Amino acid sequence: MCGIVGYTGPRQASRILVEGLKRLEYRGYDSAGIAVPKDATQDEGKTLVVIKKKGKIAELRKAVPKDLPGNFGIGHTRWATHGGVTDANAHPHVDSSGKIAIVHNGIIENYIPLKEMLEKEGAIFRSETDSEVIAHLVAYHYDGDLETALKAALRHLKGTYGIAAVHADEPGRIVGARNGSPLVLGVGDGEMLLASDVTALLTYTTSVVYLNDGEVVSMTPTEFRISDRDDRAVDPEIDLVTWKLDAIEKGGFSTYMEKEIFEQPESIERALTGRMDFEYCSAKLGGLDMSKKELHAIERIRVIAAGTSWHAGLVGCQLMESVARLPGQAELASELRYRNPVVEPNSLYIAASQSGETADTLYAMREIQRRGGSVLGICNVVGSTIARESDGGIYVHSGPEIAVASTKAFTSQLAAFYLLTLSLARLHDMSHHEGERFLTDLKAIPAAVRRSLLLRDSIQEIAKRYARFGDFLFLGRGLLYPIALEGALKLKEISYIHAEGYASGEIKHGPIALISPDTPSVFLVPNDHLREKTISNMKEIKARGGPIIALAEEGDELVASIADDYIPLPKVDTRFQPFVMMPPLQLFAYFCALELGRDIDQPRNLAKSVTVE
Ligand code: M6R
C-alpha cells in the first residue's frame, strides 16, 4: 500500500526513482511523484524540484524531464487513504519553505490536531492528506539537522508510517523512519537506496538492511546509521537478497499475472524442495523451530489471514482435520483482532501472508503473541515483518509475486500447509505407509499442475463466451469450497464481474433464487463421495435454466453431459484436487478480464500489500 523509494549516489536520481516506482507500482497506483534537488550537483542543491502526477507511473514519467539533474531524492506511488486522487494529494509533500520534502506510507491518526497546531504556527498546507503534517512538523523542529528534526517530529505522530525525508540544505542525505510500514535500505557501492520493498533495489544491490519498527536511518552515498527514536545506535544486520532481477520481469508474457499463473509448476516445486522426507515419510520443516515434543503437544490449529491467504488457510485447516485429525479453524485477521480472542494453550497459530506485511494479519498476530500464543508464519517475502516477528515459520519460496491478484503464492501456500499437515499427521495417526502415499501424491503435483495449464486455450475460448455475464456463482464442497471462494475472488478482483463463492450444498438455502439463464454457475466437482451430491446440485441449477461450467476429473462423462461447458482436469487423489482446480480458475478469471479489456496486473482500487487497516 503505497511505495517509497529513495536514492543517493553518483547517478541521476530522477531516473532511478521513476524506475524504482515502476517496480513498486503494484503497491499503489493512483498517483506518484518525486523530489530531487534543483541544481546539478549535490553541493548546489539548495532547493527542491517536486513533480507529482495523478495516474500511473507512466504519467509521472512523461512529466519528468529526461535531463533532470540531481543525484539524491525521494519518490512515492500512492494508494489514497486521506484525500482524493489529485496531483496535490500525491507525494512528496513539502513544508512551507519548499526545502523539506517527505514521502509517507501508512496513516497518521492524529493529523487533524497537528494540522491545526501547525497552521497556527504559520504552516501553509497544500493538500488534504494526513501525510503533509509530517513535512511541516519536520520544518517546525528543524535546526540544521534533518535526522534530529525527523526524530522530534515522530514524537508527535500517532499511527503507522514508513517515511523518507530530504532537505535541500543537506545534499546527499536521506532520512527514513519506520513504524508499521516496511522500509528496507539497499547498500550499494558508493550509493544507497531506501524502498518499501526489495524489488525497487534489485537493479543496484542485493545487500539490504530491513528496518524494524521504531528505527530511523540516516544515509549518504557512502554511509548509513541506524538508531532508535531515542538516538541509541542500532547494529545493522546486512541480509543478502536471493531473488534475481529476471524474477521481477515479465519474461515474455504480456502481464505479470499470466506469467505467475504459468510459473506454478516450478513455484510449487520450490515450496516442496528439500522438505519431502521419504525416509520417515514426513516433512522436514526446519523453520518451525519446534521440537517433536512441542509439535506433538499441539491440539488444534488456528490460521489467521486475509483474502487469498485466508482461502489457503481454509484448505489447510480442513486438511489438518481430515488428515492429521487436528481441529482447525481459519479466521479472518481483521475480525479476530477486535474480537477479544481466547488464546488456548496447545493451539498452533499460523499467520499466512504472501507479502508478510498485511496490517490486519500482522496486528492479529501481535495480539495473539501478546496473550502468550505462539504464531508461525507462512510467508512468501523473506525478511517481511510477519516472517521476522513470528515465532517460526515456513517460507513458501514462490518468488516475487507482482500482479495484485495472488496466484502462485496461493498454490505455494497450499504446498506449505500440505507439508505441515503431513508432518503433524505423522506424529499422530498416520502410518509410514500412508505417509509415503501422501508424499508420493504431493511430489506429483507440479506435473499435474503443468497438465492443468495445458487447458489454457480451451479456457480462453470458454471465457470469451462468458465474459459478458454480470453475475457468477462458484460452487464447491469440502476442500473445493475454499477453492470456489478463491475462484470467485479472482474473477471479481480482476474482471470486476460480480461473483459469489458458495458451498454447493448451501445453494438451496438461498442463492438458488439468483439462478436464471443470465447467472452462470462454475461447479468444482470432487472425485470422491461428494461427486454425486455435487451432480445433484448441478441438476438443480440446470432445471432452473442456469448455465453451468463444470471442472471435473478427465473422463467424467456424466458431468460432461450435464454441464454446458466441461473443463477436464488431470486425475489426482481427492485430497490434492485444490492444486489442479485452481490454475484453470485463475485462467478463467484472467481471460474474462482480458476480454473486457481490464488492467489485469493493477486492478482498480486495489493494492498488492495492504499495510493499512
Ligand atoms: O499478502 P497477503 O497474503 O497477506 O495479502 C492478503 C490479501 O490482501 C490478498 O490475498 C488479496 O486478497 C489479493 N489481492 C488476492 O488476490
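The values are calculated or read from the model by the stated rules, or taken from the named source; none is laboratory data. Just so you know, these numbers come straight off a predicted model, no measurement behind them. Glycine also receives a Cβ, built like all others from the backbone with ideal geometry; neighbour counts cover every protein chain displayed.
Among the residues of segment 318-338, those that are modelled with pLDDT of 95 or more, more than 16 Å from the ligand (Cβ to nearest atom) and not in a strand (DSSP E or B) comprise 318, 319, 320, 321, 322, 323, 324, 325, 326, 327. Reported count of residues in segment 185-200, each being free of Cβ contacts under 8 Å to residues at least 24 places away in the same chain and surrounded by fewer than 23 Cβ atoms within 10 Å (Cβ to Cβ), is 1. Residues considered: 368, 261, 304. Of these, the only one that is touching a Pro at 6+ places or on another chain (Cβ under 8 Å), of a type in the set (Val, Ile, Thr) and within 14 Å of the ligand (Cβ to nearest atom) is 261.
Of all the numbered requirements in (1) within 11 Å of the ligand (Cβ to nearest atom); (2) more than 22 Å from residue 583 (Cβ to Cβ), residue 406 misses one, and that requirement is (2).
In segment 196-217, the qualifying residues are those that are touching a Phe, Trp or Tyr at 6+ places or on another chain (Cβ under 9 Å) and outside any loop (DSSP other than H, G, I, E, B), and the one that is farthest from residue 360 (Cα to Cα) is 217.
With the condition kept exactly as written, say whether any residue in segment 287-297 is surrounded by 15 or more Cβ atoms within 10 Å (Cβ to Cβ) and within 16 Å of the ligand (Cβ to nearest atom). No; the residues of segment 287-297 include none that is surrounded by 15 or more Cβ atoms within 10 Å (Cβ to Cβ) and within 16 Å of the ligand (Cβ to nearest atom). Scan segment 407-450 for residues that are touching a residue at least 24 places away in the same chain (Cβ under 8 Å), over 24 Å from the mean Cα position of the chain (by Cα) and outside any helix (DSSP H, G or I) and jot them down. Of everything in segment 407-450, those that are touching a residue at least 24 places away in the same chain (Cβ under 8 Å), over 24 Å from the mean Cα position of the chain (by Cα) and outside any helix (DSSP H, G or I) turn out to be 426, 427, 428, 429, 430, 444.
Pick out the one residue from 124, 112 that is assigned by TED's automatic domain parsing to the domain that holds residue 174, surrounded by fewer than 24 Cβ atoms within 10 Å (Cβ to Cβ) and part of a loop (DSSP other than H, G, I, E, B).
124
Residue count for segment 266-280 satisfying the condition of being outside any helix (DSSP H, G or I) and closer than 20 Å to residue 448 by Cβ: 4. Among the candidates 227, 254, the residue that is surrounded by fewer than 19 Cβ atoms within 10 Å (Cβ to Cβ), assigned to a strand (DSSP E or B) and hydroxyl-bearing (Ser, Thr, Tyr) is uniquely 227. Just one of (1) within 28 Å of residue 401 (Cβ to Cβ); (2) away from the ligand (no atom under 16 Å from the Cβ) fails for residue 608. It is (2). Scanning segment 104-142 for residues that are among the hydroxyl-bearing types (Ser, Thr, Tyr) and under 27 Å from the mean Cα position of the chain (by Cα) yields 129, 131. Tell me, please, whether a residue that is away from the ligand (no atom under 16 Å from the Cβ), under 18 Å from residue 583 (Cβ atoms), more than 24 Å from the chain's Cα centre (by Cα) and touching a residue at least 60 places away in the same chain (Cβ under 8 Å) can be found in segment 480-496. No; the residues of segment 480-496 include none that is away from the ligand (no atom under 16 Å from the Cβ), under 18 Å from residue 583 (Cβ atoms), more than 24 Å from the chain's Cα centre (by Cα) and touching a residue at least 60 places away in the same chain (Cβ under 8 Å). Scanning segment 349-360 for residues that are within 9 Å of the ligand (Cβ to nearest atom), in contact with a Phe, Trp or Tyr (Cβ under 9 Å, 6 or more places away or on another chain) and not small (Gly, Ala, Ser) yields a count of 1. The residue of segment 462-492 that is modelled with the lowest pLDDT, among those that are farther than 20 Å from residue 516 by Cα and of a type in the set (D, E, K, R), is 477. Taken as a whole, segment 508-525 holds no residue that is within 17 Å of residue 308 (Cβ to Cβ), out of contact with any Pro (no Cβ under 7 Å at 6 or more places or on another chain), within 16 Å of the ligand (Cβ to nearest atom) and assigned by TED's automatic domain parsing to the domain that holds residue 467.
Of all residues in segment 289-314, those satisfying the criterion of being of a type in the set (A, V, I, L, M, F, W, C), in a helix (DSSP H, G or I) and either closer than 25 Å to residue 338 by Cβ or touching an Asp or Glu at 6+ places or on another chain (Cβ under 7 Å) (or both) are 310, 312, 314. For segment 324-367, a tally of residues being aliphatic (A, V, I, L, M) and over 21 Å from the mean Cα position of the chain (by Cα) returns 5. Filtering segment 69-94 to residues that are within 25 Å of the chain's Cα centre (by Cα) and not in a strand (DSSP E or B) leaves 79, 80, 81, 82, 83, 84, 85, 89, 90, 91, 92. When segment 146-184 is filtered for residues that are in a strand (DSSP E or B), within 20 Å of residue 357 (Cβ to Cβ) and in contact (Cβ under 8 Å) with a residue 40 or more places away in the chain, the ones remaining, listed by number, are 159, 161, 162, 163, 164, 176, 177, 179, 180, 184.
Quick one: would you say residue 398 is touching a strand residue (DSSP E or B) at 6+ places or on another chain (Cβ under 8 Å), within 14 Å of the ligand (Cβ to nearest atom) and within 21 Å of residue 25 (Cβ to Cβ)? The answer is no for residue 398. Condition check for residue 273 on (1) buried (at least 16 other Cβ atoms within 10 Å of the Cβ); (2) away from the ligand (no atom under 16 Å from the Cβ); (3) within 20 Å of residue 387 (Cβ to Cβ): one failure, at (1).
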